[in-house]
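Note sheet for the following structure.
The values are calculated or read from the model by the stated rules, or taken from the named source; none is laboratory data. Every value quoted in this text rests on a predicted model; they were computed, and no experiment measured them. Cβ sites come from the backbone with ideal geometry, for glycine too, and all protein chains shown count toward neighbours. Quick note on the areas: whole protein, heavy atoms, side chains included, nothing else; ligands and nucleic acids left out. Shrake-Rupley method; radii C 1.70, N 1.55, O 1.52, S 1.80 Å.
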Amino acid sequence: MPTLILRSPLAGWALPLEEVPDAVFAQRMAGDGIGIDPTGNVLHAPCDGQIYPMPGSRHALTLRTAQGVDILLHLGIDTVALAGAGFESLIRSGERVVTGQPLLRFDLDLIARRARSTVTPVLVVSGATVRRCEVNRLLAVGDALMEIEADAVTVEAAASTQSVEVRRAFRAGFDHGIHARPAALIVAALKPFAARVTLHAHGCEANARSTVSMMALGVQQNETVELLARGEDAAAALEALGKLFASATGDVRGSPTGISFGHGVPQRSNTEEVSFAAGGRDQRKSPWDSHEPLPPSLPAVIAHRGLALGRAVQMQQALPKFIDNATDPRKESTALRSAIDAVGLHIETLISAQRGEQRSILAAHAELIQDPELHERAEDWIAQGRSAAYGWHQAIAASSAALGALADPHIRERIADLRDLELQVLRVLDGQSPSAGRALPENAILLADELLPSQLIALDRARIAGICTARGGPTSHVAIIAAALGIPALVAAGERVMQIAEGAELLLDAEQGSLKIAPDEAERQRVRIALSQQRERHAADLAAATSRSETRDHVAISVYANLGAASETALAVTRGAEGCGLLRSEFLFLQRQQPPDEDEQHREYQSILDALAGRVLTIRTLDIGGDKPIPYLPLPKEDNPALGLRGLRTSLAWPELLNTQLRAILRLQPLNNVRVLLPMVTDIDDIRSVRTAMEDCRRALGINTAPKLGVMIETPASALLADQLLKEADFVSIGTNDLSQYVLAMDRGHPQLAARLDALHPAVLRLIGSVAAAAHALDREVAVCGGLGSDPDAIPILIGLGIREISAVPAAIPELKRIIRSLNSSACRDLAQQALALTSARAVRERAIVARIETSGG
Ligand code: PEP
Ligand code: MG
């Protein structure tokens with residue numbers, strides 16, 4: 001029988017039921033369970049379920065789970081006598097709620113003063129047997145509270161009436177668990193099927209066609225989840241999901257009949273976040289709500305580096321006013337549907353005008369606005385006589401609350417996306433356009449509780465000097481957009497940000513992490529000078545970007561661009577890219593259910609080659625697998641994905657994938673400008689295998705020219721055997737990101753090691769030096785295309801080690817070229833020799849910074 005985990009609905013002390021100061025509860029006459037002496041003031045749902053009609057006194061409520069189990073939450077003892085005083089219901093009778101959703105706000109003081117006890121029984125009143133309880137300890141909202149087992153008869157009664165029902169268990173191997181992206185992939189994978197599919201974890205259920213609902217389960221990486229499909233094509237739907245899960249993990253099929261709910265890792269939820277009320281906005285008393293004067297400087301978290309001097313522009317956007325009740329549900333439902341469609345269309349229009357990050361964030365919004373869970377929740381409210389706006393507002397509030405209860409900060413930050421969609425739909429229902437552009441003064445510093453992506457996209461970039469938000473995090477979508485637009489940005493500055501007067505003069509220091517209010521003249525002058533120098537330098541760099549780059553003593557250094565999408569090519573050329581040194585071809589293969597065919601690949605590569613207008617295009621073959629799973633490749637689950645089937649190893653394991661890509665490349669015109677680059681090469685056999693495959697494809701296509709074939713130096717083995725590899729390879733390109741990861745034995749995604757994972761480490765530099773020497777001895781080209789190539793501090797050392805080609809992120813190219821022009825190659829050689837003798841990355845970096853200041857005066 002299914003085991004369910006109930007989550008704590010309250011923060012407080014858990015005590016055995018027999019200690020509850022009421023005989024009826026203590027003697028289990030009302031049901032089995034536990035008592036909680038609360039310390040918080042909001043009651044949350046212990047699991048997904050539907051709320052029974054509630055008493056007018058609002059002191060207790062019962063919910064029924066999908067398995068038919070009834071759970072009673074009774075706030076305090078003898079609280080019925082309060083006749084509703086001190087209780088504020090946050091939900092309606094009959095509403096479907098999700099785990100962690102706030103249900104009831106209560107005045108703890110009042111209950112303590114006027115009722116017999118604040119102890120709150122949480123009882124299983126029918127349908128299940130309590131197996132285990134957490135007692136005699138302090139609980140946070142969302143902590144595991146009880147393990148219960150649904151009775152057989154209940155499960156049968158709750159079972160679907162649909163004939164075909166298939167269940168399978170999978171391990172969720174996705175990085176960070178089932179967060180937005182994997183959830184979206186699950187939704188996409190189910191699109192061709194009609195089956196009703198639910199995902200079960202932690203004793204709760206989510207609609208597998210709803211990203212919001214799945215994210216709310218808080219499934220962590222490698223937890224086991226169960227998928228239950230009902231309907232004629234149930235088996236096929238689960239088969240498709242099986243492939244998706246297998247791409248991230250080993251498939252751990254459950255028995256076809258047994259139910260095996262995963263036992264979730266207890267989630268410590270954040271009660272502050274959960275207090276995001278049904279009213280749609282955070283009702284917390286802010287520590288900044290005092291009438292203390294604003295301090296001269298507010299500390300904040302840096303989201304995108306830079307300095308800005310400008311005037312405060314408060315960006316709070318109030319939700320349009322709406323009426324709660326309506327008389328004609330059909331009319332409300334139609335109004336909601338057309339408002340959602342209008343916003344969907346608006347987003348689609350914006351998508352076509354955006355690039356890069358903005359585009360993918362908008363694409364996520366386009367998916368989210370069609371989320372069936374949101375629609376269903378809103379429709380439920382409409383069916384109960386509420387207006388379309390009220391229903392939508394409540395649907396967003398419920399989903400936001402569920403996400404807010406999760407421990408994962410990445411998912412919590414997606415609440416801003418929901419609020420964005422809330423505002424847009426409410427604006428349309430109010431007869432306005434979805435997102436309002438707003439006239440900004442020059443040098444506006446945007447202040448907001450939380451700036452929404454659509455707000456930022458609708459503004460005139462040229463007038464925005466900086467952004468500072470009270471909340472949000474450095475990985476929030478608005479922070480990502482700010483970085484893509486090059487706007488200095490601070491987040492999490494606290495709510496006092498909103499007390500800053502409109503038009504106040506501000507100094508936004510996203511180098512040190514502070515927002516200064518009314519900076520004095522000396523500070524303003526310092527920033528003005530720094531900004532004007534930066535601007536002048538930037539303008540001069542851009543003006544000189546397309547000219548050749550060589551050192552003062554005329555050593556030519558080619559500066560190429562790393563590209564990750566066709567749309568980036570034109571900008572890279574205007575930034576001075578002399579070609580593309582690394583096209584990460586993965587962009588064509590990710591986020592889809594089938595690999596691109598030969599023609600599609602050919603078209604994409606050809607468009608990039610055309611946009612490069614006679615410059616070199618270096619296409620890296622698919623670098624996939626390990627930490628970058630793709631749904632249509634049944635890659636095995638690996639304990640050490642970074643050391644497993646990734647890069648060229650994946651291509652060689654699926655020869656058709658490699659051959660298709662090679663054929664698409666070989667058909668390019670002019671082929672002389674094309675180079676092929678192989679990722680994650682270990683030894684000479686790798687390159688021989690590809691050479692043979694390429695020759696076969698060439699013969700089959702009747703093509704005489706062969707593009708140059710190069711290898712990436714990313715493994716210590718390939719660095720140490722570079723002399724051997726270069727006998728087969730026409731050129732090498734050093735991938736310093738992976739090379740450092742493997743040489744230093746530090747995971748490139750490890751947050752605690754991030755500061756120490758520096759490719760300027762002498763051990764990495766020694767390998768770069770020996771690869772460059774091997775290439776020169778055989779008169780072959782040697783490039784650096786990893787992150788070190790975009791690092792201004794590293795350029796003199798790389799040149800000193802013999803590197804003559806750099807491939808960098810396009811934005812860095814103008815500055816890199818200026819630095820190159822200021823260098824002398826023999827001084828670079830001396831600097832490189834000194835660096836090789838130093839003992840740590842920190843020592844090398846300090847030496848490099850001193851050298852840069854000496855050379856350029858800045
Ligand atoms: C590298 O490893 O340095 C590299 C350029 O490849 P990627 O960052 O795509 O792994
Ligand atoms: Mg790499």
For this session: Scan region 97-116 for residues that are open to solvent by less than 20 Å² (accessible area, probe 1.4 Å) and over 18 Å from LEU6 (Cα atoms) and jot them down.
Result: PHE106, ILE111, ALA115
Exercise. From the residues in region 1-25 that are in a helix (DSSP H, G or I) and at pLDDT below 80, which one is surrounded by the fewest Cβ atoms within 10 Å (Cβ to Cβ)?
Worked result: ALA23
Seminar exercise, completed: With criteria (1) within 33 Å of the chain's Cα centre (by Cα); (2) buried (at least 17 other Cβ atoms within 10 Å of the Cβ); (3) part of a helix (DSSP H, G or I), ARG663 comes up short on (1)
Exercise. Which of (1) more than 14 Å from ligand 2 (Cβ to nearest atom); (2) in contact with a strand residue (DSSP E or B) (Cβ under 9 Å, 6 or more places away or on another chain); (3) under 23 Å from SER807 (Cα atoms); (4) open to solvent by less than 40 Å² (accessible area, probe 1.4 Å) is the odd one out, the single condition VAL690 does not satisfy?
Worked result: (3)
For this session: Say whether the condition of being part of a loop (DSSP other than H, G, I, E, B), buried (at least 23 other Cβ atoms within 10 Å of the Cβ) and either out of contact with any Pro (no Cβ under 9 Å at 6 or more places or on another chain) or modelled with pLDDT of 85 or more (or both) is met by at least one residue in region 417-425.
Result: no
Problem set entry | Test result for SER740, crowded, with 18+ Cβ neighbours inside 10 Å, of a type in the set (Ser, Thr, Tyr) and outside any helix (DSSP H, G or I) | no
Exercise. Which pairs do you get when a residue that is free of Cβ contacts under 8 Å to residues at least 40 places away in the same chain and under 14 Å from THR621 (Cα atoms), found in region 698-716, comes within reach of a residue that is open to solvent by 40 Å² or more (accessible area, probe 1.4 Å) and away from ligand 2 (no atom under 16 Å from the Cβ), reach meaning Cβ atoms under 6 angstrom, with the pair 6+ apart or on two chains?
Worked result: LYS708/ASP730; LEU709/ASP730
For this session: Identify the single condition in (1) within 16 Å of ligand 1 (Cβ to nearest atom); (2) assigned to a strand (DSSP E or B) that ALA717 does not satisfy, given that it satisfies every other one.
Result: (2)
Problem set entry | Filter result (surrounded by 23 or more Cβ atoms within 10 Å (Cβ to Cβ) and touching a helix residue (DSSP H, G or I) at 6+ places or on another chain (Cβ under 7 Å)) within region 129-156 | VAL141
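The rows are residues; the columns are (1) modelled with pLDDT under 85; (2) not acidic (Asp, Glu).
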site	(1), (2)
GLU442	no, no
LEU447	no, yes
CYS468	no, yes
HIS477	yes, yes
ALA484	yes, yes
LEU506	no, yes
ASP520	no, no
For this session: Evaluate the following for LEU617: is it open to solvent by less than 60 Å² (accessible area, probe 1.4 Å), at pLDDT 95 or above and either within 16 Å of ligand 2 (Cβ to nearest atom) or under 18 Å from ILE813 (Cβ atoms) (or both)?
Result: yes
